[in-house]
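> The following block contains the structure, expressed as structure tokens.
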Amino acid sequence: MIGDFWFGVTWLLNQVAKLKPIKRVPELAVLQQQFDLPDGNSNLPGLDVFINTVDPINEPMIYTMNSILSILAADYPVDKHACYLSDDGGSLIHYDGLLETAKFAALWVPFCRKHSIEPRAPESYFAVKTRPYTGSAPEDFASDHRCMSREYDEFKEHLDALFTIIPKRSDAYNDAHAKEGVKATWMADGTEWPGTWIDPSENHKKGQHAGIVRVMLNHPSNQPQLGLPASTDNPLDLSNVDMRLPMLVYIAREKCPSYDHQKKAGAMNVQLRVSALLTNAPFIINFDGDHYVNNSKAFRAGICFMLDRRDGDNTAFVQFPQRFDDVDPTDRYCNHNRVFFDATLLGLNGIQGPSYVGTGCMFRRVALYGVDPPRWRPDDGNIADSSHKFGNSESFVNSIPSAANQERSIMSPPALEDSVMVELTDVMASAYEDGTNWGKEVGWVYNIATEDVVTGFRLHRTGWRSMYCRMEPDAFRGTAPINLTERLYQILRWSGGPLRCSSHTTVHSLLAAGSALCNELLTLT
Ligand SMILES: O=c1ccn([C@@H]2O[C@H](COP(=O)(O)OP(=O)(O)O[C@H]3O[C@H](CO)[C@@H](O)[C@H](O)[C@H]3O)[C@@H](O)[C@H]2O)c(=O)[nH]1
Ligand SMILES: [Mn+2]
């Protein structure tokens with residue numbers, strides 16, 4: 001009885017939410033006209049891209065690295081966007097994998113630019129055999145394509161090889177530096193890896209290791225750097241192509257057994273602080289490790305809504321629909337969630353905006369800091385006494401006013417001197433959030449299975465709105481659970497969350513919670 005009644009109520013709420021669907025289309029041509037300069041530079045605001053992973057086997061590393069390649073190759077000013085990989089496993093495989101990816105990106109990204117490649121995740125690009133050519137050098141395309149396909153195969157082999165190279169390398173170093181009973185994992189430069197070791201030992205195991213931050217690709221200069229003509233060493237003619245790559249950073253936050261690390265929400269809050277000290281872009285977009293950029297213009301689309309003169313200033317986040325590859329044609333387990341993404345979220349777009357659903361969502365940085373809408377003024381006095389709120393990093397607190405100023409171009413990151421490294425380590429520490437508002441009023445919300453939805457509700461409750469951005473071709477794509485057990489477990493987790501978040505809700509949010517649950521139930525029936 002109670003179940004039927006609740007089902008009825010949520011069904012009703014779900015219908016109400018759909019009464020006023022509003023479709024918004026990003027005006028990419030207008031954005032380009034207003035922000036891109038004739039000399040090739042651009043006035044677009046900075047964008048920090050966060051991507052998360054935990055385990056290179058459960059979440060195959062090749063997906064994560066494809067995603068990173070698609071982010072590095074996105075059509076956004078290269079000195080205005082930076083990519084932060086959070087590796088919650090703290091494993092050397094991911095670190096070395098990222099080094100390989102940075103190397104491969106030096107060829108892949110210029111190739112994408114030269115031939116206007118779509119999508120810019122190589123695995124998905126090479127999976128499609130034929131498509132119309134839209135680049136500007138058709139005469140070179142066939143040979144460049146062949147060459148990149150070979151290079152990509154080699155890159156994949158290099159990634160696979162890491163699973164054997166790292167243990168072998170470590171054995172060799174361990175034999176040379178025998179320490180009683182301890183088998184360390186060694187980096188290529190002959191130093192011990194500070195993260196987790198293959199043979200777990202004190203301070204080097206899952207849930208207990210130091211914080212690591214490494215800049216893999218430095219922030220590029222603001223002047224284009226053209227490549228070289230083809231030669232024996234350079235198989236591709238890149239003499240008319242800008243070779244610069246965006247900044248790329250590896251992060252493994254500190255782990256201590258006495259702390260609850262709050263999974264993805266905790267990882268993203270660390271990314272939020274580390275990026276504040278490095279690039280401090282006013283906008284942020286986040287991805288799960290298995291989601292990639294499918295449309296290279298997607299970042300511009302999100303920014304277009306954020307800068308919109310009518311409602312942009314009040315917009316805390318722009319949510320893109322989740323789309324999936326590899327789902328069987330009949331979509332047996334309802335992985336596409338069509339009703340939710342193409343009806344409910346579109347409907348909410350006509351009220352206060354869609355819910356935040358965890359990945360493929362662009363945020364205004366200051367909204368995550370708990371600042372109220374509409375536009376917050378940098379001279380606001382309440383930042384002064386904020387160590388209880390934001391923690392005791394002075395550099396972090398000082399970064400807040402400039403993050404509010406979206407017109408400011410991205411700052412050049414500080415030179416990575418020892419003092420900066422100390423501060424970065426400090427904001428990655430498990431103890432940093434003790435007694436602060438992180439996970440409550442600041443950053444992504446903690447202590448709930450569906451941290452994403454609740455974080456969105458918290459922003460809505462304080463008056464911010466959100467926007468829904470659907471575009472063709474799909475902005476982002478990911479992988480979906482393809483067996484029933486995994487899918488049912490995911491549904492259980494997702495529908496449990498909305499029931500437990502009443503303290504974060506407004507009427508609108510209740511509608512969203514109800515409709516989310518109802519949608520999950522409808523999925524099952
Ligand atoms: O300790 C952790 C655990 C997870 N993750 C990352 O979080 C993401 C999502 O986790 P996953 O287990 O793949 O959950 P899914 O059910 O696939 O994800 C959906 O549901 C989650 C909420 O339940 C949201 O957070 C996700 O964004 C949404 O895509 C992945 O990138 C993980 O690498 C971490 O960074 N640290
Ligand atoms: Mn996932």
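> For Lys205, list the lysines whose Cα falls under 30 Å from its own Cα; do not include residues on the same chain fewer than 8 positions away.
Those lysines meeting the cut-off are Lys103, Lys156, Lys168, Lys179, Lys183, Lys255, Lys263, Lys264, Lys440.
> Applying the Karplus parametrisation 6.51 cos²θ - 1.76 cosθ + 1.60 with θ = phi - 60° to the phi angles of segment 349-364, what ³J(HN,Hα) value in whole Hz is obtained for each residue in order, glycine and proline being reported as x?
Whole-Hz 3J(HN,Hα) from phi for segment 349-364: 4, x, 9, 9, x, x, 6, 8, 10, x, 9, x, 10, 9, 10, 8.
> Follow-up. From the helices alone, meaning DSSP H stretches of at least four residues, give me the mean residue ellipticity at 222 nm for the chain, per-run term -39500 (n - 2.57), in deg cm²/dmol to the nearest 500. Could you put the intermediate results ahead of the total?
Numbers: 16 runs with 209 residues, N = 525.
Calculated at 222 nm, the ellipticity per residue is -12500 deg cm²/dmol.
> So, one more: Please list, in chain and number order, the residues 5+ apart from Cys83 or on another chain whose amide H is under 5 Å from its amide H, with Hs placed from the backbone.
Hits under the 5 Å cutoff: Val49, Met247, Leu248, Val249.
> Taking the alpha-carbon set of segment 1-41, what are its Rg and Dmax in Å?
Rg, Dmax (Cα atoms, Å): 22.2, 68.
> Using only alpha carbon pairs under 8 Å that are at least six residues apart, calculate the relative contact order of the chain and give it in whole percent. Intermediate results must be reported in sequence, preceding the final value.
Values: 963 pairs, mean separation 118.9, N = 525.
Contact order relative to length: 23 percent.
> Find the Cα radius of gyration of segment 55-98, compare it with 2.2 N^0.38 Å by division, and give the number to two decimals. Mind dumping the intermediate values first?
On the way: Rg = 11.6 Å, N = 44, 2.2 N^0.38 = 9.3 Å.
Ratio of Rg to 2.2 N^0.38 Å for segment 55-98: 1.25.
> May I pose another question? Considering the Cα positions of segment 431-472, please state its Rg to one decimal place and its Dmax as a whole number of Å.
For segment 431-472, the Cα radius of gyration and maximum Cα-Cα distance read 13.0, 45 Å.
> Also: Taking the DSSP beta bridges in segment 2-524 as the whole, what percent of them are antiparallel, to the nearest 5?
Values: 23 of 49 bridges.
Expressed as a percentage, antiparallel bridges in segment 2-524 total about 45.
> List the residues, sorted by chain then number, that are 5 or more residues from Val54 or on another chain and whose placed amide H is less than 5 Å from its amide H.
Result for Val54 returns Asp88.
> Averaging the inverse of every distinct alpha carbon separation and then flipping it gives the Kirkwood radius. What is it for the chain, in angstrom units? If you can, show how the numbers build up before the last one.
Numbers: mean 1/r = 0.0416 Å⁻¹.
The answer is 24.0 Å.
> Quick check for you: with a 1.4 Å probe and neighbouring chains kept, what is the accessible area per residue of segment 1-142, in Å²?
Details: 6300 Å² over 142 residues.
So segment 1-142 comes to 44 Å² accessible per residue, rounded to a whole number.
> Report the FRET efficiency, 1/(1 + (r/R0)^6), for Ser143 and Ile62, where r is their Cβ-Cβ distance and R0 is 25 Å, rounded to 0.05.
0.45
> Let me ask something additional. Give me the distance in nm between label points sitting 7 Å out from Cα along the Cα-to-Cβ direction at Ala161 and Leu484, one decimal.
Reported label-point gap for Ala161 and Leu484 is 4.4 nm.
> Can you give me the Kirkwood hydrodynamic radius for segment 132-199, using every pair of distinct Cα atoms, in Å to one decimal? Write down the numbers at each step before the final one.
Details: mean 1/r = 0.0663 Å⁻¹.
Hydrodynamic radius (Kirkwood, Cα only) of segment 132-199 equals 15.1 Å.
> Tell me, what HN-Hα J-couplings in whole Hz come from the Karplus equation 6.51 cos²θ - 1.76 cosθ + 1.60 at θ = phi - 60° for each residue of segment 241-253, using x for Gly and Pro?
Once θ is set to phi - 60°, the couplings for segment 241-253 become 10, 5, 8, 5, 10, x, 5, 9, 10, 9, 10, 10, 5 Hz.
> Towards the positive end of the charge dipole of segment 94-181, with charges on Cβ (+1 Lys, Arg; -1 Asp, Glu), say which of Thr130, Ser170, Gly97 has the farthest Cα.
Working it through, the farthest residue towards the positive pole turns out to be Thr130.
> Give the carbon-plus-sulfur fraction of the accessible surface of segment 2-524 in %, rounded to a whole number; probe 1.4 Å, heavy atoms of protein chains only.
Numbers: 12270 of 22560 Å².
Exposed carbon and sulfur together represent 54 percent of the surface.
> Please give the peptides 449-455, 227-233, 342-348 ranked by average Cβ packing (other Cβ atoms within 10 Å per residue), highest first, as a rough proxy for protection. Could you put the intermediate results ahead of the total?
Details: 449-455: 23.9, 227-233: 11.1, 342-348: 21.9.
For the peptides 449-455, 227-233, 342-348, the packing ranking is 449-455, 342-348, 227-233.
> Would you pull out the residues with amide H under 5 Å of Met471's amide H, same chain only if 5 or more places away, H placed 1.01 Å from N?
Those qualifying (amide H under 5 Å, at least 5 residues apart or on another chain) number zero.
> Among the complete DSSP H segments of the chain, which ones combine at least 27 Å of alpha-carbon extent along their axis with a mean Kyte-Doolittle hydropathy of 0.0 or more?
Values: long enough: 92-115 (34 Å, 0.28); 138-176 (54 Å, -0.99).
Flagged H segments are 92-115.
The values are calculated or read from the model by the stated rules, or taken from the named source; none is laboratory data. Since this is a predicted model, take the numbers as computed values, not measurements. Virtual Cβ from ideal backbone geometry, glycine too; neighbours counted across all protein chains shown. All accessible areas refer to the heavy atoms of the entire protein, side chains included, with ligands and DNA or RNA removed. Shrake-Rupley method; radii C 1.70, N 1.55, O 1.52, S 1.80 Å.
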